[in-house]
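Worksheet for the structure shown next.
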Protein chains: 2
Amino acid sequence: MTDLLRSWVESANAPEADFPLNNLPYGVFSSGDGTMPRCGVAIGEKIFDLCAAEGDDLVTPAGHPVFDVPYWNDFMELGPEAWAELRVRLTELLAEGAEPLPSYLVDQAAVQMHMPFRVSEYTDFYASRNHAFNVGSMFRGPENALPPNWLHIPIGYNARASSVVVSGTPIIRPHGQLKGPDDAAPRFAASQRFDIELEMGAIVGQPSEGPISVEQAFENIFGYVLLNDWSARDIQAWEYQPLGPFQSKATATTISPWIVTAAALEPFRASTPERERELLPYLAEPAPMLYDIALEVGLTPKGGRETVLSQTNLNELYYSAAQQLAHHTSSGCPMRVGDLLGSGTISGAEPHSRGSLLEMSWGGKEPVTLDTGETRCFIEDGDTLTLRGGAQGKGYRVGFGACTGQILPAREIGG
Amino acid sequence: MTDLLRSWVESANAPEADFPLNNLPYGVFSSGDGTMPRCGVAIGEKIFDLCAAEGDDLVTPAGHPVFDVPYWNDFMELGPEAWAELRVRLTELLAEGAEPLPSYLVDQAAVQMHMPFRVSEYTDFYASRNHAFNVGSMFRGPENALPPNWLHIPIGYNARASSVVVSGTPIIRPHGQLKGPDDAAPRFAASQRFDIELEMGAIVGQPSEGPISVEQAFENIFGYVLLNDWSARDIQAWEYQPLGPFQSKATATTISPWIVTAAALEPFRASTPERERELLPYLAEPAPMLYDIALEVGLTPKGGRETVLSQTNLNELYYSAAQQLAHHTSSGCPMRVGDLLGSGTISGAEPHSRGSLLEMSWGGKEPVTLDTGETRCFIEDGDTLTLRGGAQGKGYRVGFGACTGQILPAREIGG
């Protein structure tokens, strides 16, 4: 494992910093002075303005500008060689000992962050064994909890790209069709069981046509973001048979604003758990393709203080993003730059390591007590939910920053 | 009902023509002389080159060119007033009595057609009662055929936009995980139960944020295309629980190349069937929003002649595209210009009116006999499947052209 790479940006050298020189995550920001959103890289508490640096030929990944736009898609299109070259160049420019370039720095606290890339399509998986077992137990009973295909297929469904928003975007509680088991007919009302899903999102950085191997899939993944797939459990329970979740998952999905690259996570690779059934060869992993990344969920009631609800790790997943992507192409499905793959809710084995309130409160039956003494089964209006994550190196961490959203009351609509 | 509007393009006046002046469907074509794909409108056996006409200021829907690009999205963005104005202008330019403009015409037989629009996202519904009942009977038994939510919700799932292709594109038989009920474990192999789905696709022409009414949804729909949602039934059966179809529907979806506008279909509006359960108010239709459109499926074995397998009508649908779109937004889901909504397979009550081979052969148990004497349960390599559709006016029809695709043998891949 590498040590901390020191930077002339002093705040990047703090052991608890999310964005040391080892990280170099990519985002899109605007600085409120009438400038357009543009590409930047986080370093300590600053952003290095790549649009300005490109304008002055400090970085020149392409023969044309790719950082003056509000998305990283154009840069991703350039391919893995360009990805590696930019990382080398930025490491050089920002290293301790290099000539400081303070005029290219902007305070993170002073900017607005935007979606870091244009989401082409969004697919959400179901790759945590504990989560699948917990939810299956609640929806279908413990004897039918894990579907028979689950140990063979990285189960996933197509989700809604237009609903993906950046951290900080307020989320309006949705309406939908609700029907309790004892209700004669459904009604149209605001969801009463609105929930989070603690996930990791993988971003496809290279297109493909036709089936690709797990190894190729791993190489096509540009980076990762924290992902909260807001879910209306009451809408889901009534709508999801037989074609899967639809409006229950279409209100919003929040992602963290910084793309942590696969390159930055390289020192933290981890294996998927031991196989309970042998996988078909097209899904075999030639090397460890998960990461050791600590994850947590916090809930802050309106005007209150945060309670950490859950702590878990990405290495709980049964299938890696590379396996998911390879499976995604198995039918010949074309993939595009900017496709987003959600891991599925990540839950550990213990109650305090579950990735959704549905699981933490066991279907709403066992309320969770906050540090303030209040209780929660599901999200209440005004609550802010925050995901955090990071990989721990020797004297540094590769962090993701926060992935946060506050729930606003439902719209006033008839129905 | 209006009569035939006569055009100076003589082939547009034939009673059996798909593209009379009453239709004016929009497509994207290239003419093989090195020119780029561009926008055109079909008239009889010709295409009126809108890119050329715009260049000469014959049509000027915007202050900037919108027809020199290989998609109709930019024009759709202009909104319903611009849509209506272009239709008026084209009707004027192409009417009998107007000065003929033969230099703007290209033979349809001489061009290549391309995707008429960029698909933002693709959602597939399940809105035909007979289809839902038939498939439900086969997958879950007749007693559980129609899911309890079906009469209340236009059931749909997010499908894969990157897999949508234009009519004429060859389709490679997919591989996938297959497991029969008596198999101990799944295997990775070419699908043996590859199928069609006869559908209509609705194209969203205006964006929305938050929930919209059925009436607004109807106004936001720009037009329609025939849609064949190729489906691997054996992959589907093993993968679809609990999150719905995924790789079984990701190989390809074929659409017809001409967008038939909602305006052209206006004389053919029809009501959805009588409600078996009262719908919640947010789904109520303020007026008839389906159309009376005859549909058919033909199968042509390699080197053989076509057999018409099935004939049905769009007005079999229980939910209109406007109801589907309104439901799609009920959770607050944002919609974008270029979103494609598949109706779901359209099946009538009789065996000869079913929209999939799964239904026609009743799960592969009752082979269909072709006119050549051959039989089919599912698609064989080399078969070409063709959808056709049209609305019948007085002495004219508003046709969709063909939506066709030939199945090529599966790739040679390990597994």
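The values are calculated or read from the model by the stated rules, or taken from the named source; none is laboratory data. In this text, all values refer to a predicted model and were calculated from it rather than measured experimentally. No Cβ is skipped: glycine too gets one built from the backbone with ideal geometry, and neighbour counts run over all protein chains shown.
A few remarks follow.
- Evaluation of A:N315 against (1) more than 23 Å from A:G210 (Cβ to Cβ); (2) within 14 Å of chain B (Cβ to nearest Cβ) (one fails), failing number: (2)
- One residue from A:A294, A:A326, A:A349, A:A284 being of a type in the set (A, V, I, L, M) and out of contact with any helix residue (DSSP H, G or I) (no Cβ under 7 Å at 6 or more places or on another chain): A:A294
- Residue check, A:D68 touching a residue at least 12 places away in the same chain (Cβ under 8 Å), outside any helix (DSSP H, G or I) and under 15 Å from A:F117 (Cα atoms): yes
- Residue satisfying all of: in the stretch A:133-163; of a type in the set (A, V, I, L, M) and touching a residue at least 24 places away in the same chain (Cβ under 8 Å); nearest to A:V28 (Cα to Cα) among these: A:A161
- Selection status of A:I155, more than 16 Å from the chain's Cα centre (by Cα), at the interface with chain B (Cβ under 8 Å from one of its Cβ atoms), surrounded by 17 or more Cβ atoms within 10 Å (Cβ to Cβ) and not basic (K, R): yes
- Count - residues of the stretch A:180-212 that are touching an Asp or Glu at 6+ places or on another chain (Cβ under 7 Å) and within 21 Å of A:V119 (Cα to Cα): 3
- Scanning the stretch A:249-274 for residues that are closer than 20 Å to A:Q206 by Cβ and among the basic types (K, R) yields one hit, A:R269.
- Test: residue in the stretch B:375-383 that is within 18 Å of the chain's Cα centre (by Cα) and in contact (Cβ under 8 Å) with a residue 24 or more places away in the chain: no
- Conditions (1) touching a residue at least 24 places away in the same chain (Cβ under 8 Å); (2) under 21 Å from A:G363 (Cα atoms); (3) over 16 Å from the mean Cα position of the chain (by Cα); number of the one not met by A:N228: (3)
- Flag for A:L90 being at pLDDT 95 or above, in contact with a strand residue (DSSP E or B) (Cβ under 8 Å, 6 or more places away or on another chain), more than 14 Å from every other protein chain (Cβ to nearest Cβ) and not in a strand (DSSP E or B): yes
- Restricted to the stretch A:95-127, and to residues there that are assigned to a strand (DSSP E or B) and among the acidic types (D, E), the residue that is nearest to the other protein chains (Cβ to nearest Cβ) is A:D124.
- Search result, residues across the stretch A:183-196 that are within 13 Å of another protein chain (Cβ to nearest Cβ) and either part of a loop (DSSP other than H, G, I, E, B) or among the charged types (D, E, K, R) (or both): A:D183, A:A184, A:A185, A:P186, A:R187, A:S191
- Residue check for B:E215: within 24 Å of B:P116 (Cα to Cα), over 17 Å from the mean Cα position of the chain (by Cα) and either part of a helix (DSSP H, G or I) or aromatic (F, W, Y) (or both): no
- Given (1) closer than 30 Å to B:A237 by Cα; (2) buried (at least 20 other Cβ atoms within 10 Å of the Cβ); (3) more than 10 Å from every other protein chain (Cβ to nearest Cβ), index of the condition A:E143 fails: (2)
- Residues located in the stretch A:238-253, provided they are more than 10 Å from chain B (Cβ to nearest Cβ) and surrounded by fewer than 24 Cβ atoms within 10 Å (Cβ to Cβ): none
- Unique residue being closer than 26 Å to A:Y396 by Cβ, in contact with a Ser or Thr (Cβ under 9 Å, 6 or more places away or on another chain) and in the same structural domain as A:G373 (by TED's automatic domain parsing) when the list is A:V337, A:V297: A:V297
- Residue match in the stretch A:254-266 (condition: crowded, with 22+ Cβ neighbours inside 10 Å and within 14 Å of chain B (Cβ to nearest Cβ)): yes
- No other residue among B:S271, B:S256 is over 16 Å from the mean Cα position of the chain (by Cα), in the same structural domain as B:F194 (by TED's automatic domain parsing), at pLDDT 95 or above and hydroxyl-bearing (S, T, Y) apart from B:S271.
- Residue count for the stretch A:283-302 satisfying the condition of being in a loop (DSSP other than H, G, I, E, B) and more than 11 Å from chain B (Cβ to nearest Cβ): 9.
- In the stretch B:357-371, the residues that are in the same structural domain as B:L309 (by TED's automatic domain parsing) and under 18 Å from B:L198 (Cβ atoms) reach residues that are outside any loop (DSSP other than H, G, I, E, B) and aromatic (F, W, Y) with C-beta atoms within less than 9 angstrom, at least six apart or across chains, in these pairs: B:L357/B:F194; B:G363/B:F139.
- Residue within the stretch A:333-351 that is over 22 Å from A:F139 (Cβ atoms), without any contact (Cβ under 8 Å) to a residue 12 or more places away in the chain, crowded, with 19+ Cβ neighbours inside 10 Å and more than 15 Å from the chain's Cα centre (by Cα) present: yes
- Top-ranked residue in the stretch A:162-175 [being facing another protein chain (nearest Cβ under 8 Å) and either surrounded by fewer than 20 Cβ atoms within 10 Å (Cβ to Cβ) or out of contact with any Phe, Trp or Tyr (no Cβ under 7 Å at 6 or more places or on another chain) (or both); ranked as farthest from A:Q192 (Cα to Cα)]: A:S162
- Whichever residue in the stretch B:223-236 is of a type outside the set (V, I, T) and touching a Pro at 6+ places or on another chain (Cβ under 9 Å) and, among such residues, is nearest to the other protein chains (Cβ to nearest Cβ): B:A232
- For the stretch B:240-257, the count of residues that are of a type outside the set (D, E) and farther than 29 Å from B:M360 by Cβ is zero.
- One residue from B:L325, B:L280 being among the aliphatic types (A, V, I, L, M), in contact with a His (Cβ under 9 Å, 6 or more places away or on another chain) and within 14 Å of another protein chain (Cβ to nearest Cβ): B:L280
- Test: residue in the stretch B:11-31 that is more than 19 Å from B:I259 (Cα to Cα) and in a helix (DSSP H, G or I): yes
- Test: residue in the stretch B:114-132 that is at positive phi and modelled with pLDDT of 95 or more: no
- Residue count for the stretch A:199-222 satisfying the condition of being farther than 19 Å from A:Y318 by Cα and within 11 Å of chain B (Cβ to nearest Cβ): 7.
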